[in-house]
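Here is the structure we will look at, set down as structure tokens.
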Amino acid sequence: MINIMEERLDAAEYVDFLKRTDLGSQYPRERFETRIPTLLLNASVSLAARNAEGLLVGALLGVTDFAYWLFVTDLGVARDYEWQGIGRRLMKAALERAGGEKNIAVYLVANERAVPFYEKLGMKKADDVMQYNCVEWTPFTVR
């Protein structure tokens with residue numbers, strides 16, 4: 001049984017979770033140790049999926065105005081728990097938390113390997129998104 005709840009996540013536990021998911025390769029190396037706690041503190045939507053023993057097996061973080069938009073920054077499921085509908089349940093819970101399907105448009109940056117998952121949720125690639133990025137970004141994988 002996987003329980004999904006709104007929860008402010010602890011940085012050490014989240015970093016451990018990143019090691020067990022494909023999310024661990026989406027962050028830049030620059031200031032990783034100081035930026036993760038800031039992310040966790042400021043996400044307006046913070047959902048955790050936990051197994052019966054309380055282990056974090058899924059997470060969704062997002063930023064929303066609770067009226068029009070939800071930008072999902074992180075959606076991941078531990079590799080040992082993939083293909084059980086956890087990601088779908090997290091996205092549904094986040095959309096409801098942000099204001100509901102009839103009010104909220106969802107945007108995110110998808111890892112290429114995750115595109116089929118998002119397409120199954122009914123998401124489409126957008127042509128109308130602008131980007132401004134002057135951030136140093138040295139790829140690495142959380143280990």
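Each value in this text was obtained by applying a stated rule to the coordinates, not by laboratory testing. None of the values given here were measured: they were computed from a predicted structure.
Hey, of [x] 14.4; [y] 15.3; [z] 15.7, which did the structure itself give for Kirkwood radius over Cα pairs in Å when calculated?
Here Kirkwood radius over Cα pairs in Å agrees with entry [z].
With a/c under 1.5 counting as rounded, go ahead and sort region 1-71 into rounded, prolate or oblate using the C-alpha gyration tensor (a ≥ b ≥ c being the square roots of the eigenvalues; past the cut-off, prolate if a/b is larger than b/c, else oblate).
Details: a/c = 1.85, a/b = 1.04, b/c = 1.79.
Oblate shape, in that a/c is at least 1.5 and b/c is the bigger or equal ratio.
Hey, what number do you get for the chain at 222 nm if only DSSP H runs of n ≥ 4 count, each worth -39500 (n - 2.57), divided across all residues, to the nearest 500? Mind dumping the intermediate values first?
On the way: 4 runs with 39 residues, N = 143.
Here the helix-only value at 222 nm equals -8000 deg cm²/dmol.
Of all DSSP beta bridges located in region 25-143, what percent are antiparallel, nearest 5?
Here the share of antiparallel DSSP bridges comes out near 80 percent.
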